[in-house]
Amino acid sequence: MKYRVQAIGKEFSDQAIKTLETKLNNAHEKGYRFHSVMEVQQPGCGGLGTPTITYLAIFEQVEPDSPPLN
């Protein structure tokens, strides 16, 4: 079993939700199944700035010959 991880950000306006929906649909069309979302903290610039929170979508590769998500 293989997984792919894709950053989805942390903004959830109406437009951002539509964008996320498009990403999920595109992943499905390429042979991936949505698995889960993880919240992660990214360090600031050079490790000195304020860290930010973002979200990662995890996809399970269903078809063995699926192309990359990006």
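A short reminder: the numbers here are calculations on the coordinates, not readings from a lab. Just so we're clear, the structure is a prediction, and the values are computed from it rather than from any experiment. Glycine also receives a Cβ, built like all others from the backbone with ideal geometry; neighbour counts cover every protein chain displayed.
In table form, for the structure just shown:
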| item | result |
| --- | --- |
| Of residues in segment 7-37 being touching a Phe, Trp or Tyr at 6+ places or on another chain (Cβ under 7 Å) and of a type outside the set (F, W, Y), the one farthest from S66 (Cα to Cα) | K10 |
| Complete set of residues in segment 22-70 that are of a type in the set (K, R) and either part of a helix (DSSP H, G or I) or under 14 Å from the mean Cα position of the chain (by Cα) (or both) | K23, R33 |
| All positions within segment 18-70 that are under 15 Å from A7 (Cα atoms) and among the β-branched types (V, I, T) | T19, T22, V37, V40, T52, I53, T54, I58 |
| Among the residues listed as P43, P51, P67, the single one being touching a Lys or Arg at 6+ places or on another chain (Cβ under 6 Å), exposed (fewer than 14 other Cβ atoms within 10 Å of the Cβ) and free of Cβ contacts under 8 Å to residues at least 40 places away in the same chain | P67 |
| Cross-chain or 6+ apart pairs with Cβ under 6 Å, segment 1-14 first and on the phi < 0 side of the Ramachandran plot and touching a residue at least 12 places away in the same chain (Cβ under 8 Å), then in a strand (DSSP E or B) and small (G, A, S) | Q6/A57; I8/A57 |
| Residue tally, condition among the small types (G, A, S) and surrounded by fewer than 11 Cβ atoms within 10 Å (Cβ to Cβ), over segment 20-40 | 1 |
| Test: residue in segment 27-38 that is at negative phi and in contact (Cβ under 8 Å) with a residue 40 or more places away in the chain | yes |
